[in-house]
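To keep things clear, I will list the structure first and then write my remarks on it.
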Amino acid sequence: MSIGEHQLIAVPDTIQSNMLVPLGMYRRVSEDKTLKGRASTWREIEEQVKEQEEAILHLASALPFEAPITRDYCDNNTPASDPFIVREHFEEMLRDLEAGVIRGILFLHSDRLARLPYDAARICRIFEMNPTYVGLSVEGGVNLATVEGRAMFMMQATMGGMEIGNTKRRVTRTNRRIAEKGVMHGAPRAFGWGENRRTLHPDEGKLIREAIQAIPGGYKIADFRRALVEYGYEPKLTKRSREGVRKIQHTTAEQILMSPRVAGFRFHIPEAVRMVSNERLWLPDYVVMKDGKEVRGDWEAATRPEEWRAAVEEIKRRKEANKTGLRSGKHDTTAAYFLSGIARCGKCSSPMWSNPYTKGTGAYEKWGFRYACLSNQGGCGGVTRVGPPMDDLVETAFLLETRATLPEDAAKADAIDETVHDERLDEIEVEIKDVNGRRQAKRISMSASLDAIEELEAEREKLSAERGQLFLQKKKRAILSPDALADWKDLTMAEKRTRLKAAVRAVIVHPAGRGKRFDPELIEVVWQKNHSPAT
């Protein structure tokens, strides 16, 4: 239909040729629209939007009454097929129509205005309640002022919604097949890899590998986030970043490390899951499995699978500890001070926490902080001790005693066999295939096969979880190895504390007379039961 033919389309009888009817025009082009199999560029999108404007203005000039365009609504690069995305200008247009700011709307085609039946119904409701309104499309023959036109508009939106659903289903199935082959899905360059997205970036890959290896030893996501800031990493999506708000969020740093891609595993999150989830997804849950084994991708891994699994288990353990409140309600300065929460009062046995000196001069001022039994944290408030000398004393004792027992600790780590369940896991996959074969041969019923398969899958899930725990235990035992202590000075405070707690159960601070000098004899180190200090 040509634009001029709109002159033959009936307009509301109440509109006279000498009347002035203020109208709005709606324009939209999605960035995901393709041109000859490739993604549209911003320049091409702007050109298409400009073409829509010219066509709509031509239509407005051809109307048999004066129809100035007083409002321009443009949701450029905003899809209309996603019910979770709010089109700001579309919503503004509906408000203006309801308020009478404009008395109609012109648009290129119905699929530019509405691609979902719900949106089309909202528009039709307004035009049914306002029979004098004008609603015309340049293409497609839609006239919202008539019953037939609104029916056609609804029908086009319904067919469009069905087409979208079918496309999503095909894309989901295709993406799953691609994932099971281990082929990389089209996406921007991930942090840690080069421009070809397959080989490791020499500096970024090293950051990831060192962080993964250090997490079981106490390294925190916050430490990795600081490392990213120092490196100069900028997240790709910074549209929501505001002045004064850090650009690299904790969850961003966590997802870089917890992504299965780090270990070379392919992962796939169905679009349906992405859309309904209100929280950050736990990426390790979406590793693609085929024949009971993780699918390896066609890129270079940043770390070994067992190292990544150990890091995943440790982060998961920390999250559970936070959820159950094990870290809540306490004066938490543990990331900054060596003995916070490890030191205990010799009078009441309550944990002692760091407490900065805010008063006093001379000797007290030079120490900077002390460890104190705080009454507001449930302690007696009767014991304090200067912090730096305590840290030096305990650190020296720990390093001397631990290095003397390194062979024993290394043997304990080596004694953990993280592959103990691998043989049974392989057997489970064979049994699942056997059950499916018997079902297909109709030797057992569908119900019986499901019972057997669900039981085997439950066992597989349990053994896989235990395998991850064994990886973590072995890694934690190894934190007192010669290699782990060789770079002691370069470790973060969290890593040092983790190693200390692996060998030291508590540091008892016995009472001292008021004003007395620091006495090492009043500091007692209590070792863990599984750690036998050298004699």
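Here, each number is a calculation from the coordinates, and none is a lab measurement. Just so you know, these numbers come straight off a predicted model, no measurement behind them. Using ideal geometry, Cβ is built from the backbone for each residue, glycine included, and neighbour counts are taken over all protein chains shown.
Some observations on this one:
- Footprinting exposure proxy ranking of 514, 266, fewest other C-beta atoms within 10 angstrom first, gives 514, 266.
- Applying 1/(1 + (r/R0)^6) with r as the Cβ-Cβ distance of residue 126 and residue 424 and R0 = 45 angstrom yields a FRET efficiency of 0.10.
- FRET efficiency estimate (nearest 0.05) - Cβ-Cβ, residue 88 to residue 177, R0 25 angstrom: 0.10
- Between residue 139 and residue 50, the modelled labels are 1.9 nm apart [label points 7 Å from Cα along Cα→Cβ].
- Dipole magnitude of region 52-198, debye to nearest 20 (Cβ charges: Lys/Arg +1, Asp/Glu -1, about Cα centre): 1160
- Listed by Cβ neighbour count within 10 Å, with the fewest neighbours leading, 90, 65, 338 appear as 65, 90, 338.
- Distant-in-sequence amide contacts of residue 370, defined by a placed amide H-H separation under 5 Å and a gap of 5 or more residues or a different chain, comprise 355, 357, 387.
- By the count of other C-beta atoms within 10 Å, a proxy for reagent exposure, 228, 281 are ordered fewest to most as 281, 228.
- Among the listed pairs 293/442; 347/496; 290/319; 220/316; 220/319, those whose Cα-Cα separation exceeds 19 Å are 293/442; 347/496; 290/319.
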